[in-house]
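> One structure coming up, written as structure tokens, with questions to follow.
Read-outs: derived from the displayed coordinates by stated rules, not from any lab. Remember, predicted model here, so these are calculated numbers, not experimental data. Positions of Cβ are backbone-derived with ideal geometry, glycine not excepted, and every protein chain shown enters the neighbour counts.
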Amino acid sequence: MTISRRTLIQGSAAAAAIGSFSIGRSEAQTAEFTYKFAHNLQVTHPLHIRAAAAVEKIKEESKGRLVIQIFPSSQLGSDTDMLSQVRSGGIEFFTLSPLILSTLVPNASVNGIGFAFPDYASVWKAMDGELGTYVRGQITKANLVVMDKIWDNGFRQMTSSKGPINTPDDLKGFKIRVPVSPLWTSMFTAFQSAPASINFAEVYTALQTKIVDGQENPLAIISTAKLYEVQKFCSMTNHMWDGFWFLGNRRAWERLPEDLRAIVAKNLNEAAVLQRADVEKLNSGLRADLTSKGMVFNDTQAAPFREALRKGGFYAEWKKKYGDEAWAILEKAVGSSLS
Ligand code: X2X
């Protein structure tokens, strides 16, 4: 398990400030079930804030029978570590990007195909519809529990300490951090960049020490993880949409009586819908805020990037990997041909 010093400091300071451990020892001791939910984001991110509110409601509605403690900021380890823990039962709940989940459930990353979704409306229609149902089926087969509503991460943008990314040519040879996922590596390899797989817990340090020159994330993360302190340029590429599946350990889930399961599912799914609205709102206002913090923004055209991916064989490769069924569901969802 690797926990950087910064993550620990950030995590504990934030927990003290915002009270993510507001659940006291005695409550945990009297509860019938005390479960852990771990995630990789800061406590200022809407995912943490809405999950914290949901956990409170779950405690209330279960009359204190189920207490869920939240461990934010990768305190319990990197995404790779936490995925192992939720499988083994070391933690009961975990939110994870579908693209990283694909290291266990290969076709889970299908929503992350470059430049597939034009807007949020098409994302939610797909993820609450046929595409989401398909992916949740795959996740269930891998013996994990998954809540119906996916949480939002957002449309991803590219940042750099070197200069703006205006065209695909600017990505050639670019040392960019990508999350640990074959889809991300393949996409930036198709752009002829030099992608490095690094867990989110280590990203700030990797940028600060110039192990990599850039990274890509939605504005809500660039802001809440303070990546603007170590990145100067932000290029609005909207190159993929990413979310977080709310995962559960199957044995732990099945230990819960039916009524508690219903309380958990209802509150988490309702929180997801509220969190989506928070992130969308946050992302739309953050450009001005990050500019005032010194970041330099530029807009880009999707077409040349898409064409570079096509020429690099990216769409053909992934169509083959996912198979015709998944690809057809994706194309139907985004309303266009992706090859
Ligand atoms: O690792 C990332 O970049 C993050 C926080 O966006 C994900 O969880 C995929």
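> Starting from the Cα of residue 125, draw a straight line to each of the lysines and keep only those under 26 Å, dropping any in the same chain fewer than 8 residues away.
141, 149, 266, 281, 319, 320, 321, 332
> Pull out the extension gain between residue 316 and residue 141, defined as 0.36 nm times the separation in residues minus the alpha carbon to alpha carbon distance; nm, one decimal.
So the chain would gain 60.4 nm between residue 316 and residue 141.
> Let me ask something else about it. Once the Cβ-Cβ distance between residue 130 and residue 337 is put in as r, and R0 is 25 Å, what FRET efficiency do you end up with, to the nearest 0.05? Write out the running numbers ahead of the final one.
Working: r = 17 Å, r/R0 = 0.69.
The formula returns an efficiency of 0.90 here.
> Can you list the lysines whose alpha carbon sits under 21 Å from that of residue 172, skipping same-chain ones fewer than 8 residues off?
Qualifying lysines at Cα under 21 Å: 162, 210, 232, 311.
> Hey, which aspartates and glutamates would be in cross-link range of residue 57, C-alpha to C-alpha under 15 Å, not counting anything within fewer than 8 residues on its own chain?
Within the straight-line limit of under 15 Å, residue 57 reaches these aspartates and glutamates: 27, 259, 270.
> If one takes the longest principal axis of the Cα atoms in the chain, at what angle in degrees, from 0 to 90 and to the nearest 10, does the Cα axis of helix 79-88 lie?
40 degrees
> Now for a different question. Taking the chain as a Gaussian network, where each spring joins two C-alpha atoms under 10 Å apart, which residue of 104, 227, 96 fluctuates the most?
Highest fluctuation among the options: 104.
> Spin-label point model (7 Å from Cα, Cβ direction): what's the residue 169 to residue 185 distance in nm?
Between residue 169 and residue 185, the simple spin-label model gives 3.0 nm.
> Oh, and also: Could you give me the ³J(HN,Hα) list for region 253-258, computed from phi with Karplus coefficients 6.51, -1.76, 1.60 and θ = phi - 60°, whole Hz, x at Gly and Pro?
For region 253-258, the Karplus-derived couplings read 4, 6, 5, 6, x, 3 Hz, x marking Gly and Pro.
> Oh, and also: Tell me the label-point distance for the pair residue 229, residue 197, using the 7 Å Cα-to-Cβ offset, in nm and rounded to one decimal.
Each label point is offset 7 Å from its Cα along the Cβ direction, giving 2.9 nm.
> Right, next: Over the chain, what lengths in whole Å, largest first, do the semi-axes of the equivalent ellipsoid take, defined as the square roots of 5 times the eigenvalues of the alpha-carbon gyration tensor?
Values: eigenvalues 210, 113, 58 Å².
Value: 32, 24, 17 Å, ordered largest first.
> Whose amide H sits under 5 Å from the amide H of residue 146, counting only residues 5 or more places off or on another chain, with H placed in the peptide plane?
So residue 146 has HN proximity to 248.
> I would also like to ask the following. Sort 165-176, 317-328, 292-303, 51-62 for me by packing, meaning the mean count of neighbouring Cβ atoms within 10 Å per residue, highest on top.
The most tightly packed comes first, giving 51-62, 165-176, 317-328, 292-303.
> Also, quick follow-up: Mind pulling the angle between the C-alpha long axis of helix 46-61 and the longest principal axis of the chain? Nearest 10 degrees, somewhere in 0 to 90.
Helix 46-61 sits roughly 20 degrees off the main axis of the chain.
> What is the list of residues in region 131-174 whose amide nitrogen lies under 15 Å from a point 7 angstrom out from the Cα of residue 270, following Cα to Cβ?
Inside the label zone: 149.
> What translational diffusion coefficient, to the nearest whole µm²/s, does region 207-339 have by Stokes-Einstein, given a Kirkwood radius computed over alpha-carbon pairs, a temperature of 37 °C and 0.692 mPa s viscosity? If you can, show how the numbers build up before the last one.
Values: Rh = 18.6 Å.
Translational diffusion coefficient: 176 µm²/s.
> Among 272, 38, 288, which one moves the most in a GNM of the chain with springs linking Cα atoms closer than 10 Å?
Taking springs between Cα atoms under 10 Å, the residue moving most is 288.
> Here is a follow-up. With labels modelled as points extended 7 Å from the Cα through the Cβ direction, what inter-label distance (nm, one decimal) is found for residue 28 paired with residue 161?
Going by the 7 Å Cα→Cβ label model, 3.7 nm.
> Another one. Which whole-percent values make up P(r) of region 300-339 when all C-alpha to C-alpha distances are grouped in 5 Å steps starting at zero?
6, 24, 26, 25, 15, 4, 0
> Pull out the extension gain between residue 296 and residue 208, defined as 0.36 nm times the separation in residues minus the alpha carbon to alpha carbon distance; nm, one decimal. Before the final figure, lay out the partial values.
Values: separation 88, 0.36 × 88 = 31.68 nm, distance 1.77 nm.
Fully extending the segment from residue 296 to residue 208 adds 29.9 nm.
> Taking only Cα atoms, what is the 0 to 90° angle, nearest 10, from helix 302-311's long axis to the longest principal axis of the chain?
Between the helix axis and the principal axis of the chain, the angle is about 80 degrees.
> Moving on. Rounded to whole Å and sorted largest first, what semi-axes of the equivalent ellipsoid does the C-alpha gyration tensor of region 115-184 yield via the square root of 5 times each eigenvalue?
Numbers: eigenvalues 191, 51, 20 Å².
Over the Cα atoms of region 115-184, the semi-axes work out to 31, 16, 10 Å.
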